[in-house]
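J.: Could you have a look at this structure, given as structure tokens, before my questions?
The values are calculated or read from the model by the stated rules, or taken from the named source; none is laboratory data. Note that this is a predicted model, so its numbers are computed, not measured. Neighbour counts are summed over all protein chains in view; Cβ atoms, including those assigned to glycine, are modelled from backbone coordinates with ideal geometry.
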Amino acid sequence: MRYHTNMRIAEWLVDLLFPPRASEQRMRRGDTNAVLALLSPTVIDTCTPPAIGLLPFRDPLVRALIHEAKYHEHERAFALLGGALHEYLAEWTADVGFGDVCVVPVPLSAARQKTRGYNQVERVLAYAMRGVSITVHSDLLVRLRDTPSQTTLSGSARQENVHGAFGAVHPLSPESTYILLDDVLTTGATMQAAIDALTQAGAARIIPIALAH
């Protein structure tokens, strides 16, 4: 009891000296149960094949988790998002038999990777893959060119922006299943460009998944 009291006092002092971000405060109020309660796999037909969106981006907790994972390298955000992904994949692998399955995270541009120092999707996968018999191939898909941020672009401009932006490093097996994972799905332009790259390399079974939509 004294240990937990001391920890709360220490956390209070740190917050007093370094006030937490609004997204960080919101994330702290959430826990594994709160995130799993929001887990609602939804078919999103903005790309072909349709993607599966796991969490509603409109929810304040989900937005906070994505923000903290993407821009602040927050381990708690990685862990909570990874827990939701783990829950979905564990159930999915138990019910679906698609032979050899691997997860392919959508890569960042070289410039963004250098600036940020990490790919948030890969960090989430580090938590999600514990106890799941699926391999991760982080180097299978690469960015062939840097692209401007999609945030301020319209739907058609986003498609043009990322067209041909990805490529697979080697031919892929049509017998394998490739789970293509990104953090957020909006217009589906980035996901579609990544799907096209896997298809051109020989993949026949692709399952796009977004942590949030």
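J.: Can you tell me how many residues in region 159-213 are in a strand (DSSP E or B) and not basic (Lys, Arg)? Explain how you work it out, then say what you get.
T.: Narrowing region 159-213 to residues in a strand (DSSP E or B): 166-168, 177-184, 205-212.
Subsequent filtering for residues that are not basic (Lys, Arg) retains 166-168, 177-184, 206-212.
Going through region 159-213 one residue at a time, the tally reaches 18.
J.: I would also like to ask the following. If I filter region 187-201 down to residues being touching a residue at least 40 places away in the same chain (Cβ under 8 Å) and of a type in the set (Val, Ile, Thr), which single residue comes out as surrounded by the fewest Cβ atoms within 10 Å (Cβ to Cβ)?
T.: Applying the filter and picking the extreme gives Thr187.
J.: While we're looking at this one, here's another question. For Thr115, are the conditions met, namely being surrounded by fewer than 22 Cβ atoms within 10 Å (Cβ to Cβ), at pLDDT below 95 and either of a type outside the set (Lys, Arg) or under 16 Å from the mean Cα position of the chain (by Cα) (or both)?
T.: Yes.
J.: Oh, and also: Given Ala210, Ala204, Ala165, which one is among the aliphatic types (A, V, I, L, M), modelled with pLDDT of 95 or more and surrounded by fewer than 22 Cβ atoms within 10 Å (Cβ to Cβ)?
T.: Of Ala210, Ala204, Ala165, the one residue that is among the aliphatic types (A, V, I, L, M), modelled with pLDDT of 95 or more and surrounded by fewer than 22 Cβ atoms within 10 Å (Cβ to Cβ) is Ala204.
J.: While we're looking at this one, here's another question. Is at least one residue of region 103-111 closer than 22 Å to Thr48 by Cα, modelled with pLDDT of 95 or more and assigned to a helix (DSSP H, G or I)?
T.: no
J.: Of the residues in region 48-103, how many are of a type outside the set (Phe, Trp, Tyr), farther than 19 Å from Val121 by Cα and in contact (Cβ under 8 Å) with a residue 12 or more places away in the chain?
T.: 8
J.: Related question: Of the residues that make up region 50-58, is at least one at pLDDT 95 or above, farther than 27 Å from Asp196 by Cα and out of contact with any Leu (no Cβ under 8 Å at 6 or more places or on another chain)?
T.: yes
J.: Would you point out the residue of region 148-158, among those that are outside any helix (DSSP H, G or I) and among the small types (Gly, Ala, Ser), that is modelled with the lowest pLDDT? Give the derivation first.
T.: Going through region 148-158, the residues outside any helix (DSSP H, G or I) turn out to be 148-154.
Then keep just the ones that are among the small types (Gly, Ala, Ser); that gives 149, 154.
Working: Ser149: 59, Ser154: 51.
Restricting to residues being outside any helix (DSSP H, G or I) and among the small types (Gly, Ala, Ser), the top hit is Ser154.
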